[in-house]
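Working notes for the structure below.
The values are calculated or read from the model by the stated rules, or taken from the named source; none is laboratory data. Not measured: the values here are computed from a predicted model. Every residue, glycine as well, gets a Cβ built from its backbone with ideal geometry; the counts of neighbours run over all protein chains shown. Accessible surface is based on the protein model in full, side chains and every heavy atom, while ligands, DNA and RNA are left aside. Shrake-Rupley method; radii C 1.70, N 1.55, O 1.52, S 1.80 Å.
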Amino acid sequence: LLISAFVMVWRKTATVELLTKTTESIAGGDFERRVPESRALGMKRLADAINQMARNSAKRLSTLTAERNRLATIFTGMVEGVVDVDEKQNIVHINEAALLLLDLRREKYIGKPVWQEIRNQKIILALDEALRTRSVIKTQIDYLRGREQLVIDLYVASLADDNGNPIGAILVLHNVTELKHLERIRTDFVANASHELKTPITAIRGLSETVVNDPDVDKQTLMSFMERIHAQSIRLSQLVTDLMTI
């Protein structure tokens, strides 16, 4: 009887030890670990609960991993540069577009303070303002990449957890250098076109007003004015044709 009781206590102790080690393994991240039903003895309900906990944890981890990979794929494929920083302004994630735009290397900058690695005062000030006010800051900055001067639209949004505590910020950078260049071309073109159109219009108006206001103008002068009006109208027509072509 004593031996039987000793064996029973030993088996119970072994089961408790197994349950403890399994629970510790699951807590350490080994969600594939299970308690064998054959060794659960009188603690089957506890073993089932531990195994269910492991299955649920594995499922949640799989879901989180899939979401993380999905977000990483989205960030990688974005045309805009994206920089994710924590509440201490250390770089957590940076996509390829941001690396190219800011002329950075991934290995060097991950985990480093953004203000230490990105030497642009406007970016840092916008980030500080977004974190301080817990809002979205929109601005446009000039960024020198090597010898190339870029114009970048910058959006900085602060991030918070479910309790409203700040956890960092997201910086989105859009290269609008080419758009600004095209806008300057358009502005210059409109200004030049307006000037070119104004010249023949002014000439035609002045000559025609002279004729209208002076009914006694002689025939020779009248014919001279009409020839000049005709020439200016041809020039105006050519300018309009050129504008339509452009």
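Quick check: anything in region 185-200 within 30 Å of W115 (Cβ to Cβ), free of Cβ contacts under 8 Å to residues at least 40 places away in the same chain, in contact with a Leu (Cβ under 7 Å, 6 or more places away or on another chain) and assigned to a helix (DSSP H, G or I)?
Checked region 185-200: no residue is within 30 Å of W115 (Cβ to Cβ), free of Cβ contacts under 8 Å to residues at least 40 places away in the same chain, in contact with a Leu (Cβ under 7 Å, 6 or more places away or on another chain) and assigned to a helix (DSSP H, G or I).
Check region 17-34 and report whether any residue there is open to solvent by less than 80 Å² (accessible area, probe 1.4 Å), in contact with a strand residue (DSSP E or B) (Cβ under 6 Å, 6 or more places away or on another chain) and modelled with pLDDT under 75.
No, the conditions are met nowhere in region 17-34.
Note down all Cβ pairs under 7 Å where the first residue falls in region 231-245 and is exposed (fewer than 14 other Cβ atoms within 10 Å of the Cβ), the second is assigned to a helix (DSSP H, G or I), and they're at least six residues apart or on different chains.
Short answer, once both residue conditions are applied: L243/A193.
Please state which of the following conditions L159 fails to meet, knowing it meets all the rest: (1) under 28 Å from E178 (Cβ atoms); (2) at pLDDT 90 or above; (3) aliphatic (A, V, I, L, M).
(1)
So which residues in region 147-164 are open to solvent by less than 80 Å² (accessible area, probe 1.4 Å), part of a loop (DSSP other than H, G, I, E, B) and not small (G, A, S)?
D161 - this is the single residue of region 147-164 that is open to solvent by less than 80 Å² (accessible area, probe 1.4 Å), part of a loop (DSSP other than H, G, I, E, B) and not small (G, A, S).
If we scan region 181-191, do we find a residue that is charged (D, E, K, R), in contact with a Gly (Cβ under 8 Å, 6 or more places away or on another chain) and open to solvent by 80 Å² or more (accessible area, probe 1.4 Å)?
no
How many residues are open to solvent by less than 100 Å² (accessible area, probe 1.4 Å) and either among the charged types (D, E, K, R) or at pLDDT 85 or above (or both) if we restrict to region 208-222?
Residues flagged as open to solvent by less than 100 Å² (accessible area, probe 1.4 Å) and either among the charged types (D, E, K, R) or at pLDDT 85 or above (or both) within region 208-222 amount to 4.
If you take the residues of region 79-97 that are open to solvent by 60 Å² or more (accessible area, probe 1.4 Å) and not acidic (D, E), which of them is modelled with the highest pLDDT?
K88
Could you please find all residues in region 223-246 being at pLDDT 80 or above and part of a loop (DSSP other than H, G, I, E, B)?
None - no residue of region 223-246 is at pLDDT 80 or above and part of a loop (DSSP other than H, G, I, E, B), so the list stays empty.
Somewhere in region 168-179, is a residue assigned to a helix (DSSP H, G or I), modelled with pLDDT under 85 and out of contact with any Lys or Arg (no Cβ under 6 Å at 6 or more places or on another chain)?
Checked region 168-179: no residue is assigned to a helix (DSSP H, G or I), modelled with pLDDT under 85 and out of contact with any Lys or Arg (no Cβ under 6 Å at 6 or more places or on another chain).
From the list A130, A126, A58, A66, pick out the single residue that is free of Cβ contacts under 8 Å to residues at least 12 places away in the same chain, more than 16 Å from R145 (Cα to Cα), among the small types (G, A, S) and open to solvent by less than 80 Å² (accessible area, probe 1.4 Å).
Being free of Cβ contacts under 8 Å to residues at least 12 places away in the same chain, more than 16 Å from R145 (Cα to Cα), among the small types (G, A, S) and open to solvent by less than 80 Å² (accessible area, probe 1.4 Å) holds for just one of A130, A126, A58, A66, which is A66.
For region 136-146, which residues satisfy the criterion of being open to solvent by 40 Å² or more (accessible area, probe 1.4 Å) and either in contact with a strand residue (DSSP E or B) (Cβ under 6 Å, 6 or more places away or on another chain) or not aliphatic (A, V, I, L, M) (or both)?
Of everything in region 136-146, those that are open to solvent by 40 Å² or more (accessible area, probe 1.4 Å) and either in contact with a strand residue (DSSP E or B) (Cβ under 6 Å, 6 or more places away or on another chain) or not aliphatic (A, V, I, L, M) (or both) turn out to be V136, K138, T139, Q140, D142, R145, G146.
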